[in-house]
1. Looking at the range 40-114, which GluC sites (Glu not before Pro) are DSSP coil and have at most 15 other C-beta atoms within 10 Å of their C-beta?
2. Taking only the alpha-carbon atoms of the chain, what semi-axes of the equivalent ellipsoid follow from 5 times the gyration tensor eigenvalues under a square root, in whole Å, largest first?
3. Using only the alpha-carbon atoms, what does the range 184-317 span along each of its principal axes? Please give whole angstrom values in decreasing order.
4. Any idea what the alpha-carbon Rg over 2.2 N^0.38 Å comes to for the range 134-258?
5. Could you tell me how many degrees, from 0 to 90 and to the nearest 10, lie between the Cα long axis of helix 3-16 and the main elongation axis, the longest principal axis, of the Cα atoms of the chain?
6. Could you give the nm distance between label points at Asn66 and Leu320, where each point is 7 Å from its Cα heading toward the beta carbon?
7. Between Arg327 and Thr264, with labels modelled 7 Å along Cα→Cβ, what's the label distance in nm to one decimal, could you check?
8. Taking only Cα atoms of the range 37-178, what ratio of Rg to Rh do you get with Rh as the Kirkwood inverse-distance radius?
Amino acid sequence: MKKGLKHLIYHLIVAVMPLLSSNVFSFEPLSTPDPDDIEFPDDEAHSQAEVNLGRTLFFDTRLSLNKTQSCATCHNPDLGFSDGMETSIGAMGNRVGRNAPHLYNLAWNILQFWDGRASSLEEQALGPIEAAGEMNMPLSELIPRLDSVSYYKETFTKVYGRSGVSKENLGRAIAAFERTLISDNAPFDQYLAGNKSAMSPSAIRGMNLFEDKAGCVECHDGANFTDNSFHNIGVKGGDLGRGPIVNDSTLNKTFKTPGLRNITLSAPYMHDGSEKNLESVVRFYNRGGDDKNGIDALIKPLELSEQEINDLVAFMGALLDPVFVVRPKLP
Ligand code: HEC
Ligand code: HEC
């Protein structure tokens, strides 16, 4: 199909999706992500020079006021682009209050953050830099700081022309790097492509449970195992999630369905890091969640056997296709 038409249809679907309740609009089949579906700003793929610039920025601690933190501190490639902690710690030593999500396949993400408060990756990237609880770095100070480094001054100008080092270009470069964190060749994808021995028998049973008895696919669907929507699955605690963002109390305690590719790498899990491993996540679903107040109708006790719990964990393990990032030499 022509790319323009495909995008139009995609936008129409995204526009009507929230109007339909989940039992009217059934889920997307699980599949392998298609790089042709990535929506680049200005409809153009990023140049390698732009990606390299973004990668350098991602690892540079100059982005935090006291030069102690880079994006990679909390989104560490060796920890599934997360930080291994229940909730992150900011540059000033304070708790951030939420778990650092992995960054795989964000190129297809529609809304960013657990509560979906940012839409584009460009917009998202500037948030943690300025947030007092995170990198605590006013952009009005960061721009001159970067501009005084000859590598940045030259490279920004080479990539973006006369606008050089600016707030917008900073967001663009980091987003360009993030769009390259693509995982699309897991054992599951090889299995879908016809290699029936790519997944273990246990993982295959787990896939069937995921799509049927356990109902996981009702929310974790499509190529990235997310419906890009918000649900209250009954995690305990006072975080109101999506509700306050859209000023709609019926959405209190709903959070964005996280994508599950490479999910074995980024423990602990949930917006508050309350589940320490994938087995405990499956046990959480098996008992029908913890806080039943306002819980999504799709979350009910599942009556899975021990074998079935192991099979679901094995299936999530078959979504593993790590992304290796060469750490840049910092200027
Ligand atoms: C102090 C730790 C910390 C630092 C530093 C940090 N992040 Fe995050 N990041 C988080 C946490 C925690 C969240 C979830 C916050 C929320 O949802 O409210 C998050 C969310 C995100 C998301 C949303 C992902 C999704 O699936 O919705 C992206 C993208 C992201 N960060 C990129 C970055 C970039 C780029 C930088 C550097 C400019 C950065 N982060 C710096 C902790 C951090
Ligand atoms: C009603 C929608 C829904 C269903 C059904 C569902 N999930 Fe989730 N899942 C979510 C949401 C929303 C979150 C994040 C919740 C939070 O942090 O409070 C989540 C979180 C997760 C996480 C943690 C990911 C991370 O990065 O922290 C895993 C793993 C997971 N689900 C697997 C499953 C499995 C396995 C099943 C089936 C047994 C399932 N989910 C069923 C919506 C759903």
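Each value in this text was obtained by applying a stated rule to the coordinates, not by laboratory testing. In this text the structure is predicted, and so the values were computed from the model without any measurement. So basically every Cβ, Gly included, is an ideal-geometry build from the backbone, and we count neighbours across all protein chains shown.
1. Glu44
2. Equivalent-ellipsoid dimensions as semi-axes: 34, 23, 20 Å.
3. 48, 30, 24
4. Numbers: Rg = 21.9 Å, N = 125, 2.2 N^0.38 = 13.8 Å.
My calculation over the Cα atoms of the range 134-258 gives 1.59.
5. Compared with the principal axis, the helix lies near 60 degrees.
6. Once both label points are built, they end up 3.6 nm from each other.
7. Distance between the two pseudo-spin positions: 2.4 nm.
8. Rounded to two decimals, Rg over Rh is 0.95.
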